[in-house]
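Here the structure comes first, spelled out in structure tokens, and everything after it is commentary.
The values are calculated or read from the model by the stated rules, or taken from the named source; none is laboratory data. Here the structure is a predicted model, which means the values were calculated and not measured. Because the Cβ atoms are built from the backbone with ideal geometry, glycine has one as well, and the counts that use them run over all protein chains shown.
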Amino acid sequence: MKSDQQFTISAKTCTLKYNNQEGKATILDNNAQYIIPIYQRPYSWTDEQLRKFISDIFTSFWGNDGNSNEEPMFIGTMQLSAKNVNNEQDIIDGQQRLTTFLIFFKVLKVKFPDCKELNKISLDWLSTRVNNGIQQLYLKEVITSDLSFNDEPLNPYLKNAFLINELIEEQTKDEEGQPLSFDIDRFIKHILSHVYFVVIETHAGLSKTLQIFNAINTTGLDLNGGDIFKIRMYEYLRDKRGKDETAFDEISRLYHTIDENNSKLKYDATDIRGILGIYQNILIAKYNLPVTLYSYGTDTFFERLFDTIFKINQWEHFKNTIKNIELSIEDIERIIQVRYEWENNGYKTCEDACAMNFIGWSRYSKYWTLTFIFLYKFKDEEDYWNKMLLFTKQLSKLYIIYSIRFLKAINEVHTFTYSLIKKIINGSFTDVMDTLNNKIGKLEDHKGWGNFENALTGDITYNVKIKNIICRLSAMLEEDYKTDDESQIEKIRKSLFETAIDIEHIQSYHDSNGDKREDIWNEWQENINSIGNLMILEQEINRSISNNPYEEKTRRYSESNFAIVKNQPIQYLNWDLEKCLFRKQKETQKILDYIFN
């Protein structure tokens with residue numbers, strides 16, 4: 001057996017500082033230093049975990065009724081590596097709890113500066129190597145901060161310090177908000193003496209430690225696919241590509257780059273699992289894997305891929321092609337690069353912005369990531385950004401057609417999309433666009449079952465998605481959708497896709513004059529629910545005008561942000577079935593021209 005595969009495991013019951021049990025093992029003894037290793041996830045506890053943590057501590061101190069004697073508290077199991085020559089131990093499992101204790105002690109030190117027992121506790125026993133040092137900078141900021149408890153911080157450690165402070169305030173006041181009698185020295189002594197951990201120490205090399213880490217996940221550790229990928233990718237680079245432990249630095253850089261970009265944007269545009277979802281599609285297309293793998297969840301895809309690579313389990317759909325597959329840090333870095341380039345560069349015209357939103361509104365919204373697959377492949381070509389925008393516009397038209405033709409997503413479009421991804425990865429830009437444009441085809445190609453023109457001209461209210469896509473597209477085509485003015489682009493996009501919108505019947509379906517309703521239905525028939533009589537309208541305006549007569553509605557139409565609404569009373573001074581039929585023909589032709597010309 002290789003030396004790095006040999007291991008021993010020991011377990012002991014620990015408190016934080018004072019332990020009367022046999023062995024007297026403690027966490028904060030002998031100047032121990034705890035390291036959160038590079039392969040771990042960032043600190044991520046939020047409100048729910050913190051509330052339970054603080055509540056459990058105070059319940060163990062005061063009892064369930066607030067007046068009982070102190071009770072021991074079991075905080076769970078921790079897994080640590082063996083101590084190295086510098087008295088350091090890696091935290092394999094337990095970093096969230098141990099980090100929260102550190103923050104908890106920091107908050108208490110600030111709130112109770114005269115507590116002697118607190119003053120004996122140092123805050124230099126924990127450090128983190130996650131995300132290329134960014135997490136350590138955040139942690140250091142908390143340790144050295146005066147915790148002024150004011151602005152909402154981006155630092156997750158500082159944010160949780162503020163919340164812990166609020167939770168302590170809640171626990172130390174009665175129902176009327178008056179301070180309770182609280183002996184801080186006794187409280188701290190209780191925490192240091194009566195909070196118990198079971199600590200498992202694994203004496204093993206890094207390879208075996210990672211296998212144990214992975215085994216922890218199978219027995220209930222709350223890790224997600226992004227965490228597991230970090231470990232499995234390291235094993236792959238080490239065992240299959242011959243890299244040393246510095247491979248962890250390469251992998252960690254991916255996670256750091258994502259966090260850094262999200263921080264600059266001030267919102268989470270994506271995460272490692274989002275990036276891996278794109279990579280999954282690229283791998284399937286690049287290595288001609290079975291198309292059924294497109295339907296796999298990303299976590300399942302990579303779990304089975306690695307299992308097959310390491311011969312843990314030879315999964316169907318992987319086993320016959322696994323020898324050809326090569327995973328690449330560089331490929332993932334490229335995906336991250338184009339993903340954030342798209343996020344930062346934005347759109348050149350309003351039509352570009354709306355195209356991506358129409359994909360999102362379609363029955364094929366999960367394929368919006370084809371834009372990033374396209375950029376991954378063609379980024380090095382001349383004029384690649386304009387090529388991407390053209391591709392996205394045409395893709396949106398295809399999904400608009402099939403979302404209107406059929407009442408659900410159909411296999412024909414899924415199958416075509418898989419072939420399109422393959423074409424992107426293995427073909428030229430011309431090949432891709434020819435394939436896409438041929439599928440869009442002409443109006444004649446979309447007749448018969450699921451007739452596109454019939455769907456446009458008939459009753460469109462029977463399906464929410466159909467009426468929303470048609471009416472939004474109709475509205476976009478009345479705007480200056482070719483504009484490159486950034487403020488106009490954002491205004492139109494937000495109005496169309498982020499404003500609360502209703503679909504307005506110009507001639508009310510339930511006319512305010514109840515006696516006329518049946519006559520109107522008999523005269524108008526399906527035309528009352530057609531694109532000739534429908535348009536988008538801000539929800540606030542629509543619900544205020546209710547089922548009023550046309551001449552009353554039009555007074556409010558002028559308040560709308562949409563050109564199609566503002567122009568309605570200008571183009572049609574009055575409203576009847578003849579006007580509706582004229583408008584239906586006009587709106588239908590407008591959409592057909594846009595889609596097919």
How about region 385-421: which of its residues are within 18 Å of A353 (Cβ to Cβ) and within 25 Å of the chain's Cα centre (by Cα)?
W385, M388, L389, F391, T392, K393, L395, S396, Y399, I400
All-but-one check, G226 against (1) within 26 Å of the chain's Cα centre (by Cα); (2) at pLDDT 85 or above, failing number (2)
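Considering region 275-292 alone, what residues qualify as being part of a helix (DSSP H, G or I) and either buried (at least 19 other Cβ atoms within 10 Å of the Cβ) or in contact with a Pro (Cβ under 8 Å, 6 or more places away or on another chain) (or both)? Spell out the reasoning first.
First pass over region 275-292, keeping only residues part of a helix (DSSP H, G or I): 275-286, 291-292.
Correct list: I275, L276, G277, I278, Y279, Q280, N281, I282, L283, I284, A285.
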Can you find a residue in region 538-545 that is touching a Ser or Thr at 6+ places or on another chain (Cβ under 7 Å) and without any contact (Cβ under 8 Å) to a residue 60 or more places away in the chain?
yes
Residue in region 546-564 that is surrounded by the most Cβ atoms within 10 Å (Cβ to Cβ), counting only those that are without any contact (Cβ under 8 Å) to a residue 40 or more places away in the chain and in a helix (DSSP H, G or I)
Y557
Mind listing whichever residues of region 330-361 are among the aromatic types (F, W, Y) and either on the phi > 0 side of the Ramachandran plot or in a helix (DSSP H, G or I) (or both)?
Y340, W342, F358, W361
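Residues are listed down the side, and each one gets a yes or a no for (1) among the basic types (K, R); (2) modelled with pLDDT under 90; (3) within 26 Å of A204 (Cβ to Cβ); (4) not in a helix (DSSP H, G or I):
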{"residue": "D4", "(1), (2), (3), (4)": "no, yes, yes, no"}
{"residue": "I9", "(1), (2), (3), (4)": "no, yes, yes, yes"}
{"residue": "E22", "(1), (2), (3), (4)": "no, yes, yes, yes"}
{"residue": "L28", "(1), (2), (3), (4)": "no, yes, yes, yes"}
{"residue": "R51", "(1), (2), (3), (4)": "yes, no, no, no"}
{"residue": "D56", "(1), (2), (3), (4)": "no, no, no, no"}
{"residue": "N84", "(1), (2), (3), (4)": "no, yes, yes, yes"}
{"residue": "I91", "(1), (2), (3), (4)": "no, no, yes, yes"}
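Mind counting the residues in region 453-483 that are farther than 29 Å from Y347 by Cα, of a type outside the set (A, V, I, L, M) and in a helix (DSSP H, G or I)?
Step one: list which residues in region 453-483 are farther than 29 Å from Y347 by Cα, which gives 453-455, 457-463.
Filter again for of a type outside the set (A, V, I, L, M), leaving 453-454, 457-459, 461-463.
Still in the running and in a helix (DSSP H, G or I): 453-454, 457.
The number of residues fulfilling the criteria is 3.
For the subset of region 30-49 comprising residues that are closer than 25 Å to A82 by Cβ, part of a loop (DSSP other than H, G, I, E, B) and in contact with a helix residue (DSSP H, G or I) (Cβ under 7 Å, 6 or more places away or on another chain), which member is modelled with the lowest pLDDT?
The qualifying residue modelled with the lowest pLDDT is Y39.
Have a look at I528, I536, I541 and point out the one that is outside any helix (DSSP H, G or I) and closer than 21 Å to R472 by Cβ.
Details: I528 fails: outside any helix (DSSP H, G or I); I541 fails: outside any helix (DSSP H, G or I).
Every option except I536 fails the conditions.
Can you name the helices (runs of 4 or more DSSP H) wholly within region 113-207 that have at least 2 residues being of a type in the set (V, I, T) and farther than 22 Å from S44 by Cβ?
Working: elements: 116-119, 134-144, 156-171, 184-194.
Hits in region 113-207: 184-194.
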For region 316-356: of the residues being more than 28 Å from the chain's Cα centre (by Cα) and free of Cβ contacts under 8 Å to residues at least 24 places away in the same chain, which is farthest from F229 (Cα to Cα)?
N320
How many of the residues making up region 293-327 are in a helix (DSSP H, G or I) and acidic (D, E)?
3
